[in-house]
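The values are calculated or read from the model by the stated rules, or taken from the named source; none is laboratory data. Please read these numbers as outputs of a predicted model, since none were measured by experiment. Positions of Cβ are backbone-derived with ideal geometry, glycine not excepted, and every protein chain shown enters the neighbour counts.
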Amino acid sequence: MNSASRLPLAPVLLLAMIASCGGSSSPPASAPGANALAMTAIDDRLQGAWRLAAYRPELAPDPMFQALLTTQIGALIVRFERGRLLADSPTFHTVRAYRIVEAAGPLFTLESPDVGNAVLTTKATISEDGQHIAFQANTDPWRGSGDLVRVP
């Protein structure tokens, strides 16, 4: 596996979501009552294309990883398509599954399977106008925070 395919997306939110090879599509998680409605509402708001605007790793990366990361800022586009996350940049392309597992208003938790049995977890907040996502990737080795902005 090359270094570029190991570069995190966020989402992410998303850097954590594309850390390696893609997964199959699965629908958003469902739960009884209000949380199911909130998860559906968040998933509706996520649909479409987002650009990686910033990523701040929890731990300082080595110079090679930092150089790869720097090339992704502003260039990486993440597209959400009902349970499927597609990420494209000049250096890689990946497709993987995602699901919303918790939601309350603009706050949500997104999970995405990684290689093996790992599940990458990201907590995020979508802005009121639906144009910005601030995320916190919570799974090693992709711990960090960042921002996505909607692509017009």
query: Considering region 93-116 alone, what residues qualify as being over 11 Å from the mean Cα position of the chain (by Cα), among the charged types (D, E, K, R) and closer than 22 Å to S127 by Cα?
result: E102
- prompt: Does region 49-63 contain any residue that is over 12 Å from the mean Cα position of the chain (by Cα), in a helix (DSSP H, G or I), modelled with pLDDT of 50 or more and of a type outside the set (V, I, T)?
  reply: yes
query: Looking at region 107-126, which of its residues are buried (at least 17 other Cβ atoms within 10 Å of the Cβ) and not in a strand (DSSP E or B)?
result: D114
query: If you take the residues of region 70-85 that are assigned to a loop (DSSP other than H, G, I, E, B) and over 19 Å from V149 (Cβ atoms), which of them is nearest to the chain's Cα centre (by Cα)?
result: G83
statement: Reported set for region 86-100 where residues are of a type in the set (S, T, Y) and in a strand (DSSP E or B) is T94
Set S127, S112, S145: member being more than 27 Å from L37 (Cβ to Cβ), touching a strand residue (DSSP E or B) at 6+ places or on another chain (Cβ under 9 Å) and among the polar types (S, T, N, Q): S145
statement: Of the candidates A103, A67, the one satisfying the condition of being under 24 Å from T40 (Cβ atoms) and either of a type outside the set (K, R) or outside any loop (DSSP other than H, G, I, E, B) (or both) is A103
task: Give D43, D88 a once-over and let me know the one that is crowded, with 18+ Cβ neighbours inside 10 Å, more than 12 Å from the chain's Cα centre (by Cα) and at pLDDT 90 or above.
output: D43
- prompt: Which one of R96, R82 is among the basic types (K, R) and surrounded by 18 or more Cβ atoms within 10 Å (Cβ to Cβ)?
  reply: R96
task: Using the structure shown, decide if L37 is modelled with pLDDT of 90 or more, surrounded by fewer than 16 Cβ atoms within 10 Å (Cβ to Cβ) and more than 20 Å from R150 (Cα to Cα).
output: yes
